[in-house]
1. Tell me, please, whether a residue that is of a type in the set (Gly, Ala, Ser) and closer than 25 Å to residue A:108 by Cβ can be found in region A:153-165.
2. Where in region B:1-71 are there helices (runs of 4 or more DSSP H), lying wholly inside it, with at least 1 residues that are in the same structural domain as residue B:85 (by TED's automatic domain parsing), touching a residue at least 40 places away in the same chain (Cβ under 8 Å) and not polar (S, T, N, Q)?
3. Just to verify a result, which residue in region B:528-579, among those that are touching a residue at least 24 places away in the same chain (Cβ under 8 Å), assigned to a helix (DSSP H, G or I) and not hydrophobic (A, V, I, L, M, F, W, C), is nearest to the other protein chains (Cβ to nearest Cβ)?
4. Among the residues of region A:230-267, count how many are among the charged types (D, E, K, R), at the interface with chain B (Cβ under 7 Å from one of its Cβ atoms) and not in a helix (DSSP H, G or I).
5. Within region A:102-137, take every residue that is of a type in the set (Val, Ile, Thr) and over 18 Å from residue A:162 (Cα atoms) and give me the one that is nearest to the other protein chains (Cβ to nearest Cβ).
6. Mind listing just one residue for me: the one in region B:632-686 that is of a type in the set (Lys, Arg) and part of a strand (DSSP E or B) and, of those, surrounded by the most Cβ atoms within 10 Å (Cβ to Cβ)?
7. Do we find a residue being free of Cβ contacts under 8 Å to residues at least 60 places away in the same chain, within 14 Å of another protein chain (Cβ to nearest Cβ), over 18 Å from the mean Cα position of the chain (by Cα) and assigned to a loop (DSSP other than H, G, I, E, B) anywhere in region A:50-68?
8. Kindly indicate whether residue B:597 is modelled with pLDDT of 85 or more, farther than 27 Å from residue B:658 by Cβ and outside any loop (DSSP other than H, G, I, E, B).
Amino acid sequence: MSDKEQFKVRKEPFYQQQGNEVALYEAAYRNRLPVMVKGPTGCGKSRFIEYMAWKLGKPLITVACNEDMTASDLVGRYLLEAGGTRWLDGPLTTAARIGAICYLDEVVEARQDTTVVIHPLTDHRRTLPLDKKGELIEAHPDFQLVISYNPGYQSLMKDLKQSTKQRFTAFEFDYPDAGLETIILAKESGLNAEVAAKLVKIGQVARNLKGHGLDEGISTRLLVYAATLIQDGVEPRDACRMALVRPITDDADIRETLDHAIDATFA
Amino acid sequence: MTETAYEHPLMKAYWKQLNSGFPQVREVFEDCMVEALAVLSRDGVSAYLDAAGSIGRLGRGVEPILVFLEEWPSVAQTLGEEALPLVMQAIQAMQKSPNGKAIAPFLQTMAPVARRQHSLEQLRHYLDIALDLMGRTTGSIHGHHTTFPSPGLPEFFQQAPFLFDQLSMEGVRNWVEYGIRNYRTHPERQKEYFSLQSADSRAVLQRERHGVLFADAERKLDIYLRGLWQESEQLVPYSTAFDELRKPIPYYDRLGMRVPDVFDSHNDVTGIDRYRAVLAHMVAHRRWSGQIIADNYSPFQRMAVEFFEDCRVETLAMREYPGLRHIFLALHPFPKEDDCDPETTSCLRFRLAILSRALLDPEHPYRNKDIVEFARRFHDIMAQGESSTRDIADLALSFVARTRRQSDQLAKVHFDDTVIDYRDDNRHLWQYIEDSDDEEFFDDPDKQSSKKPAEAQSLPPRHYPEWDYNSQTYRPDWVSLYEALHPKGNAADIDRLLQKHAALAKRLKRMFDLLKPQDKVRIRYQEEGSELDLDVAIRSLIDFMGGANPDPRINMSHRTSGRNIAVSLVLDLSASLNEKVAGSEQTILELSQEAVSLLAWSIEHLGDPFAIGGFHSNTRHDVRFMHIKGYREHWSDEVKARLAAMQAGWSTRMGAAMRHAAHYLSAQKADKKLMLILTDGEPADVDVHDERLLIEDARRAVKELDQKGIFTFCINLDPKADEYVSDIFGHRYMVVDNIQRLPEKLPQLFMALTK
């Protein structure tokens, strides 16, 4: 399980730099500062971390957080066996032992008492106490903790504690501007730039409606899906309806307006 | 005068067959026959003459036969000759009833109505509607020994062409149905309704119109503007139904974008897409058009500048969204190159329409070399970028100069195929240095602002719909409800009442203390609790097996926390409350006061937000809703004073009062919303003769409230209430037979409901 190699990112993931975030991340990693990435869904947060792990040549352990997750799901637990019990490291413990980048995706989804276990790893102590096992793990020098969250969900219930927030340096991500997004679509799917630009345009129509019936605009990820479908030979309008409109809304008025935008764009 | 010099023998035979003695008929007979012979078959002509003859002999004067002779051939042409028996049957039915006077209007509008029917089947429907109207509105008035003709029928026939212009057959049927139902017993109102003069006649017409109604599309259009154009603008509809002569066209100014209230589909473009085209055009102007000084241009030049500028912004809009081209072209008229004769008619408008088509449509068929040249020059300019209003105005001026003709000054203007109805009137394009004499400038809002009317003292009425169970429709804005604070009386009276019930109050207080809040919350990690928490139990077991100290807190229990109920008590204050309760000196009103005081006092203890309102009504135009206690008010002397001044009068229009109380209750932030209605009789009002109507409306109101998440409960003091109260409230009611016990019952009931 704790084989370092299996967590390595082998192939270079495609990541289009939006600003100087790569250099900034490298600086943060050099000093082993914990990092938080914020931004709407599907704008490239996870891809960025994957890319950085590849670039730095470090193993990456990703944990998708959910509200049923307990502290022991992160840290580890005893399992029952025929002869007694056996300790199993959780992903966070593994990362701290082998010196990986531990990426807690959508960390607000986890319950607040769960997120507290990362505190000792994120300050000067860089340790992880396993109270059940009676062990104190010194984090490996290569270990770094990264969390991501989407402020768009923000509700009273789902926010990080100040004490958690203030342990991280942060990157704010957003959907790239039209030109950059076109390049991303073209590179990801192999679609020609002209059609990709049209997809980006539709994406922007939906982003304009955020807060007016849409909780989130169309993400870059969905645009890539649409581009992939079109590249596969699907009729562009059908591909857009399938990948861009139907997933994001059940509101008939908005659906109809987006459908119209598709027809108006793909004349 | 009836003798002509020469008469064809055949004509003579026809005249004989007609067998009419009216000299006026003689005069037009030949002309009518010429037309009839041209369109009718031999049998048809014969039937035509027979029918005309019998209409002439109805004893209704010369008018009906004249109209018939003139109109029938064109009707027969559109609907076929088989329509005649149907029409004759209808005429006979009218003749047999006292409605003979309606025959002339019927025949008069026959031709325009027929043109809109297209089939015999449709005509049959039309006649059915008319005869149904006749049958149900012809009647006797109590005490008179004659039957009276239907007042609405002749009006209906007169309006029929307009109605069919605006409505589908279904819509006409609904419109007529509404008129019959509501004005059957009121001849004057009925006349007003069927002649389209009354307000609700127009409102119902509006509701039944075909096409995409603005009201239905408004949100989509808002989203459209915001999503595709990043604009947000007030959209204001104007009515297209009642301006026959001068059709209003879209425009925008500081107060918003004006668009028609309805769009039919046209050339395969759906109504909603036509709205979008209008908005796209206006937005394009806002985005790319500048202002130019109007004073320097002649009207012709201005018109040309407008056409060119319209095309420029549309071209830019189509660059943004290429799909718009398809919509614009479908809506843009396609004038034929040679349709306008420049010798006799002013063709400037027509030339500009052609040019506009050529500028937008890359596949235009025009060969006129000026058109082709200017289209090329236009595209050259546009190829360099966005161009500007100024540059394009120069191009427009040279177009006018190049193509000018003497005939442009002629009064006869060629209008066919030149109206581009999705374009606005371009008022934003022009800047006038000197105020013109145009009418619009007189009502400049800036200049009028000084004369603002003084602010009204009382609150304006609120309008609520009422459910009409006969047609299963809402009557729009039917009830006017006036709300006010209840006047104050003497608060000490209420204290005295409470004093009287001191013992009961004490008992109630004990019960309220027991009444626990009801939100269930799970408490985990309990050593002792009501249930085993499996997750924690397994974890502890593992700890135990692994030799570690197991956590003994493996149970969980439930706790209730936070009462979260908002209550609205609606009191019926109708006249019947003044009656004395059997076997007591007190009136129902006094007992209600006691009961409400106790309830209010108890709820104050519980701390739930609680409002009291009373209502009564005097016809649908005057429903009063009096606020006695607001949600945030405490059970204070002021509230007591209002309660003490409570008085009874008038009737019970329950539905409107419930909708109004719900308006405030639904704004409360509470998990549970409860509306208690305290009444002593069934819903009724002096202007409603159908006793089911208000019951059904109240039942409907209960359903609406249910959908808003409001739980309604009725406390009825009418011993005979069982007949109707369950129709309205389902199982959610209580009939208090012994009214004297109401003060005790009411708080108990409240507790039972909220436990």
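The values are calculated or read from the model by the stated rules, or taken from the named source; none is laboratory data. Predicted model, so just to flag it, every value in this text is computed and none were measured. Backbone-built Cβ (ideal geometry, glycine too); neighbour counts: all protein chains shown.
1. Narrowing region A:153-165 to residues of a type in the set (Gly, Ala, Ser): A:155, A:163.
Then drop every residue that is not closer than 25 Å to residue A:108 by Cβ, which leaves A:155, A:163.
Yes, region A:153-165 has at least one match.
2. Details: elements: B:9-18, B:23-39, B:42-56.
Where helices (runs of 4 or more DSSP H) fall fully within region B:1-71 and carry at least 1 residues being in the same structural domain as residue B:85 (by TED's automatic domain parsing), touching a residue at least 40 places away in the same chain (Cβ under 8 Å) and not polar (S, T, N, Q), they are B:23-39, B:42-56.
3. B:576
4. First, pick out the residues of region A:230-267 that are among the charged types (D, E, K, R): A:232, A:235, A:237-238, A:241, A:246, A:250-251, A:253, A:255-256, A:259, A:263.
So of that shortlist, the ones also at the interface with chain B (Cβ under 7 Å from one of its Cβ atoms) come out as A:253, A:256, A:263.
Among the residues that remain, those that are also not in a helix (DSSP H, G or I) are: none.
Selection size over region A:230-267: 0.
5. Start the filter on region A:102-137 by keeping residues that are of a type in the set (Val, Ile, Thr), which leaves A:107-108, A:114-118, A:122, A:127, A:137.
Next cut, over 18 Å from residue A:162 (Cα atoms) only: A:127, A:137.
Numbers: A:127: 21, A:137: 18 Å.
Within region A:102-137, the match that is nearest to the other protein chains (Cβ to nearest Cβ) is A:137.
6. Step one: filter region B:632-686 for residues of a type in the set (Lys, Arg), giving B:632, B:640, B:642, B:653, B:659, B:669, B:672-673.
Next, from what is left, pick out any that are part of a strand (DSSP E or B): B:672-673.
On the way: B:672: 17, B:673: 23.
Ranking the candidates gives B:673 first.
7. First pass over region A:50-68, keeping only residues free of Cβ contacts under 8 Å to residues at least 60 places away in the same chain: A:50-57, A:59-68.
Among the residues that remain, those that are also within 14 Å of another protein chain (Cβ to nearest Cβ) are: A:67-68.
This time we only want the ones that are over 18 Å from the mean Cα position of the chain (by Cα), so: A:68.
Filter again for assigned to a loop (DSSP other than H, G, I, E, B), leaving A:68.
Looking through region A:50-68, at least one residue is free of Cβ contacts under 8 Å to residues at least 60 places away in the same chain, within 14 Å of another protein chain (Cβ to nearest Cβ), over 18 Å from the mean Cα position of the chain (by Cα) and assigned to a loop (DSSP other than H, G, I, E, B).
8. Details: modelled with pLDDT of 85 or more: yes; farther than 27 Å from residue B:658 by Cβ: no; outside any loop (DSSP other than H, G, I, E, B): yes.
No: the conditions fail for residue B:597.
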